[in-house]
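Chemist: I'd like to ask some things about the structure below.
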Amino acid sequence: MPSSTPSTSFFSGGLRLRDGILRGWTAAVLVFLYVPIVVLVVYSFNASRLNVRWTGFTLGWYREVWSNAPLLRAAQNSLIIALLTTVISVILGTTGAWLLFRYRFRGGRAIRTLAAVPMVMPEILMGISLLVFFASVGMPLGFTTVVIGHVTFSFPFVWLAVQARLQGLDPALEEAALDLGATPWRAFCYVILPGLRPAIVAGGLMAFTLSWDELIVTFFTASAASATLPIRIFGMAKVGLNPMLNALSVLFVLATTAAVIFSAHLRKISR
Amino acid sequence: MHLRTCVIVPLLALVTALPARAAEELNLFGWSEYVPQTVLDGFTKATGIKVNFETYSSNEELLSKLVAGAGNYDVIQPSDYAAEVMIRQKLLAPIEPAKLPHLKNLDADMLRRPHDPEGRFTVPYMSGTVGIVVNTEKVKTPVKAYRDVFAPRFKDRLVVLNDSRELVTWALYTQGAPINTINAAALAKARPVIADWVKLVKVFDSDSPKTALLNGDVDVGIVWSGEAAILWNTDKKFAYTIPAEGAHQFIDVLAIPASAKHKDAAHKLIDYILQPEVSKLISDAFPYTNPNREARKLLSAEALANPASYPPPGAKLETFRDIGRAAADIDRLVTDLKSAR
Amino acid sequence: MDALPATGAGAASPTAADARRAGWRAWLLLTPVVGWLVLFVVVPTAVLFVYSLCERDELGRVVFTFSLESYGRVFDTVYVRIFARSIGYAAFTTVACLIIGFPVAYVIGRATEAWRQRLLLLVMVPFWTSFLIRTYAWITILKQEGLLNGLLQLVSLSAQPFDLLYTPFAVSIGLIYAYLPFMILPIYGSVEKIDGSVIEAAHDLGAGPWRVFSAVILPLSMPGIAAGTLLVFVPAIAMFAITDLLGGARVPLIGNVIQNQFLQARDWPFGAALGMVFMALFVVTYWLLLRFGREEEVA
């Protein structure tokens, strides 16, 4: 598989000058992506509550985050909902893309089109229609309804990412596995799935990001106990976004980065 | 994959963090950032009733969720005109005054307003106005009326609420027309005025109009008084005036939906909020106009001097009445004019 | 445009001919997917469709009386113009993200495994802070007394502060910033798959960098580009939060109009009708693309 290509340099091949330009471009784009993040990190230490001017250094906002139970609770809810959404979206999106790629279904084109509809559905329409639907079947609002809403707008992203990757995936590999006596299931697990991994990771990242930051569908499908961070943050904008929210973002970014480094480290040790 | 750890840790955290069920519960559906957490904690401490606080950020959000019948709410916090529709649609339960010994603390002026003429369904929570804020460091001449605001010299230096009904109301005021009679003739007359106005505005923002003023991107604004009060508290250069032609006053109320399951607890919460000491906490956090006469006596001199929270008496103030289907006509008009830019 | 037909069924090109007729087991596996689509996409859409054919009461909710009034209003020039403008914004966002994001996706896709993981994460982490907080950070940077103006004055490019915030410039930055990862990730998925030896072979055969790009890299990353285009363009049509916050909400987009029907104008049937037309346009286009793709491949 592609990742096994041995390489001594950063790249697997190519001209030096072109690589230099491409790397420079990538670095510039990353700087662009991180400019606002740096600003919000710096301002999380700003003593001013309205966060307009720099008035002095403080760690007070981090203390306030720690003691703000509803905010932490909302962050916890968001995390749980985003993780569940990611897992379910990846399963639905990958099976959907794979099955429709591999087999011919009656109405396959209709299913494919249908799977893309949530992407184009304005959030407010999805929110209201799901609310009406849940109310009419007597389903109480809560974590389940929020996750259902989030999965519905997230899994098309996984589906399309996986579908793009499947195109041109060498069919001979799977055939070979089947010829060698593997069951279709084993062939899928050992041949197809590893090849799809980059697309699944990319799709999962998109699903997590979409769910983590969604406001409107969440509002119409959530109850008091399942309110998420965006709901609280958008509410707080009314009295002024205070640096406490910056502090919370910084903590979250640090925590995820630490978790990733830690897991990479674990993998290295266990190898 | 690290994903596994990511799933397990928070799930464990959730399970351990689930609080023990309190004996009694109450579901409050209110504006976000309008009820301080300290008040809710104090209530739970005093009565043992746990409050589940769910928030919304517009009356229409409240209405749609309430009428869908999906959530069950015991206390809600609509604005006057939204409460008016709810009363007409029989969505509210009557208030039992016998259960509210602190009701007498309220200013009589705030009671029995047109949205609830007999005061049977609603209890005022906070009120405010929509008025003019001027950065007096940048603007030296007086700006006292809508006509002064929408002047060519302020082109691209204005922030106003991103709310079609407000915009139409201001235009009607400058023409001396009644603000609660919205019909084709009134809108046709207001149209050219608004068409000129939208060309002058730099920012339309209902959620946080103070941002553009604080950042120095605009000098004059028409904003909620609560926003203006925060601006004034930050810097005294931001002066608030009620427009001379007249202004919209809103009264946000507490009410109990007809479908509420814990009506006794709901009355307890409303009465708790009516206590002067509690009401003062709300004023401290959110500098709107407090309708609670006794609570006002507890406020600091500085809070009472804030011209946005407590404007000088004598201004012409009117509450919105529900205009029902005409809201769509207003929206179409303003959308049309804005997209013609 | 010839990129798009490759997205869907046509996508299946190399193996479409080999694709086997689905047996009961395949159908069984597909059941959860179809079930989800029916319950949470078809049913709510049907609800909206019914709403769009009704009248409204004073609360703006639907009254079940048949009326085509809402559809009559959808084709009013005001809304058609707003719709065209929204498509323009989405198209700009897509093209800008493609130009800016492709090299990044390529670099990540061609990097060594350890770097790939790190770079992917680096691209995504900024998006795990709330949209609103990120946008306010941009406001801090772009405002008149803000960081960028301060910097420009420091290097004395100008004595007067520039008007940056609430301009098309600010809106462009916001749009590109918000959608860039949705272009980078699917392209990365395609580029990662390209066999390095193919590129090297092209070089060895004397192809210049441009020729290698246009003859080898670009065609091979087409599925990713098509997916990225779809993932950015389609959601961007209904977008309005960025133009509101960074542009000052002066021009309404189709997303504003639909949202307003529910949260200001209280006209649920009209909001639903706008949404139905919007979705119908998309479904027809997408379905035609899928069909067209397949026919092309047969021919």
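Chemist: Out of segment C:118-158, which residues are among the polar types (S, T, N, Q) and facing another protein chain (nearest Cβ under 7 Å)? Give the derivation first.
Modeler: Initial filter on segment C:118-158 (among the polar types (S, T, N, Q)): C:129-130, C:135, C:140, C:144, C:149, C:153, C:156, C:158.
If the condition is that a residue be among the polar types (S, T, N, Q) and facing another protein chain (nearest Cβ under 7 Å), then C:THR129, C:SER130, C:THR140, C:GLN144 are the ones that fit.
Chemist: When segment B:34-58 is examined, which residues are found to be part of a helix (DSSP H, G or I) and open to solvent by 40 Å² or more (accessible area, probe 1.4 Å)? Spell out the reasoning first.
Modeler: Start the filter on segment B:34-58 by keeping residues that are part of a helix (DSSP H, G or I), which leaves B:37-47.
Scanning segment B:34-58 gives B:GLN37, B:THR38, B:ASP41, B:THR44, B:LYS45, B:ALA46, B:THR47.
Chemist: Looking only at segment A:189-206, which residues are open to solvent by less than 30 Å² (accessible area, probe 1.4 Å) and more than 12 Å from chain B (Cβ to nearest Cβ)?
Modeler: Once the filter is applied, which keeps residues that are open to solvent by less than 30 Å² (accessible area, probe 1.4 Å) and more than 12 Å from chain B (Cβ to nearest Cβ), segment A:189-206 yields A:ILE192, A:GLY195, A:LEU196, A:PRO198, A:ALA199, A:ALA202, A:GLY203, A:MET206.
Chemist: Follow-up. Look through segment B:77-101, keep the residues that are modelled with pLDDT under 95 and in a loop (DSSP other than H, G, I, E, B), and return whichever of them is nearest to C:VAL63 (Cα to Cα).
Modeler: Filtering segment B:77-101 for residues that are modelled with pLDDT under 95 and in a loop (DSSP other than H, G, I, E, B), the one nearest to C:VAL63 (Cα to Cα) comes out as B:GLN89.
Chemist: Identify, from the list C:GLY275, C:GLY224, C:GLY255, the residue that is open to solvent by less than 10 Å² (accessible area, probe 1.4 Å) and within 14 Å of chain B (Cβ to nearest Cβ).
Modeler: From the options C:GLY275, C:GLY224, C:GLY255, the qualifying one is C:GLY255.
Chemist: Of the numbered conditions (1) part of a helix (DSSP H, G or I); (2) within 14 Å of chain B (Cβ to nearest Cβ); (3) open to solvent by 10 Å² or more (accessible area, probe 1.4 Å); (4) within 26 Å of C:LEU180 (Cα to Cα), A:ALA225 fails exactly one; give the number of that condition.
Modeler: Among (1) part of a helix (DSSP H, G or I); (2) within 14 Å of chain B (Cβ to nearest Cβ); (3) open to solvent by 10 Å² or more (accessible area, probe 1.4 Å); (4) within 26 Å of C:LEU180 (Cα to Cα), A:ALA225 violates only (4).
Chemist: Moving on. From the list B:ALA195, B:ALA177, which one is touching a residue at least 40 places away in the same chain (Cβ under 8 Å) and touching a helix residue (DSSP H, G or I) at 6+ places or on another chain (Cβ under 8 Å)?
Modeler: B:ALA195
Chemist: Does at least one position in segment A:120-129 carry a residue that is over 30 Å from B:ASN27 (Cα atoms), crowded, with 24+ Cβ neighbours inside 10 Å and within 11 Å of chain C (Cβ to nearest Cβ)? Please lay out each step first, then the result.
Modeler: Going through segment A:120-129, the residues over 30 Å from B:ASN27 (Cα atoms) turn out to be A:120-121.
Within this subset, residues satisfying the condition of being crowded, with 24+ Cβ neighbours inside 10 Å are A:121.
Adding the requirement that they be within 11 Å of chain C (Cβ to nearest Cβ) leaves A:121.
Yes - at least one qualifying residue is present in segment A:120-129.
Chemist: Let me ask another. Specify which of the listed residues (C:ALA202, C:ALA227) is farther than 30 Å from B:ASN162 by Cα, of a type in the set (A, V, I, L, M) and modelled with pLDDT under 90. Reasoning before the result, please.
Modeler: Details: C:ALA227 fails: modelled with pLDDT under 90.
Answer to the selection: C:ALA202.
Chemist: Another question, if that's okay. State all residues of segment C:199-216 that are assigned to a helix (DSSP H, G or I) and open to solvent by 70 Å² or more (accessible area, probe 1.4 Å); if no residue qualifies, say none. Full working, then the answer.
Modeler: Of the residues in segment C:199-216, the ones assigned to a helix (DSSP H, G or I) are C:199-204, C:209-216.
Correct list: C:GLU200, C:ASP204, C:TRP210, C:ARG211.
Chemist: Which residue is surrounded by the most Cβ atoms within 10 Å (Cβ to Cβ), if the candidates are limited to segment C:108-135 and must be aromatic (Phe, Trp, Tyr) and without any contact (Cβ under 8 Å) to a residue 40 or more places away in the chain?
Modeler: Within segment C:108-135, the match that is surrounded by the most Cβ atoms within 10 Å (Cβ to Cβ) is C:TRP128.
Chemist: Here's something else I'd like to know. Considering only residues that are facing chain A (nearest Cβ under 7 Å) and more than 25 Å from A:PHE252 (Cβ to Cβ), which ones fall in segment C:86-117?
Modeler: Hits for segment C:86-117 are C:ILE100, C:PRO103, C:TYR106, C:VAL107, C:ARG110, C:ALA111, C:THR112, C:GLU113.
Chemist: Evaluate segment A:158-181: report whether one residue or more is outside any helix (DSSP H, G or I), within 8 Å of another protein chain (Cβ to nearest Cβ), within 30 Å of C:GLN259 (Cα to Cα) and modelled with pLDDT under 95.
Modeler: no
Chemist: Determine, yes or no, whether A:ALA259 is open to solvent by 20 Å² or more (accessible area, probe 1.4 Å), among the small types (Gly, Ala, Ser), facing chain B (nearest Cβ under 10 Å) and more than 22 Å from C:LEU120 (Cα to Cα).
Modeler: So A:ALA259 does not fit the description; no.
Chemist: Quick one: C:LEU290 ticks every box in (1) more than 30 Å from A:LEU196 (Cβ to Cβ); (2) open to solvent by less than 20 Å² (accessible area, probe 1.4 Å) except a single one, so which number is it?
Modeler: (1)
Chemist: Continuing with this model, one more query. I'm told B:GLY69 meets every condition in (1) touching a residue at least 24 places away in the same chain (Cβ under 8 Å); (2) at the interface with another protein chain (Cβ under 9 Å from one of its Cβ atoms); (3) within 19 Å of B:ILE282 (Cβ to Cβ) except one. Can you identify the failing condition by its number?
Modeler: Going through (1) touching a residue at least 24 places away in the same chain (Cβ under 8 Å); (2) at the interface with another protein chain (Cβ under 9 Å from one of its Cβ atoms); (3) within 19 Å of B:ILE282 (Cβ to Cβ) one by one, B:GLY69 breaks only (3).
Chemist: Give all pairs with beta carbons closer than 7 Å in which a residue from segment C:179-207 that is facing chain A (nearest Cβ under 7 Å) meets a residue that is of a type in the set (D, E, K, R); count only pairs at least 6 apart in sequence or on separate chains.
Modeler: Listed pairs, sorted by first residue: C:GLY189/A:ARG165; C:SER190/A:ARG165; C:LYS193/A:ARG165.
Chemist: All but one of (1) under 16 Å from C:TRP128 (Cβ atoms); (2) hydrophobic (A, V, I, L, M, F, W, C); (3) open to solvent by 50 Å² or more (accessible area, probe 1.4 Å); (4) more than 9 Å from every other protein chain (Cβ to nearest Cβ) hold for A:TRP54; which doesn't?
Modeler: Unmet for A:TRP54, out of (1) under 16 Å from C:TRP128 (Cβ atoms); (2) hydrophobic (A, V, I, L, M, F, W, C); (3) open to solvent by 50 Å² or more (accessible area, probe 1.4 Å); (4) more than 9 Å from every other protein chain (Cβ to nearest Cβ): (1).
Chemist: Can you tell me which of (1) open to solvent by less than 20 Å² (accessible area, probe 1.4 Å); (2) facing chain B (nearest Cβ under 10 Å) is the one A:PRO230 doesn't meet?
Modeler: Here A:PRO230 clears every test but (2).
The values are calculated or read from the model by the stated rules, or taken from the named source; none is laboratory data. Quick caveat, the model's predicted, so the values are computed rather than measured. Don't worry about glycine lacking a Cβ; one is built from the backbone with ideal geometry, like all the others, and counts go over all protein chains shown. These accessible areas exclude ligands, DNA and RNA; they are computed on the full protein's heavy atoms, side chains included. Shrake-Rupley method; radii C 1.70, N 1.55, O 1.52, S 1.80 Å.
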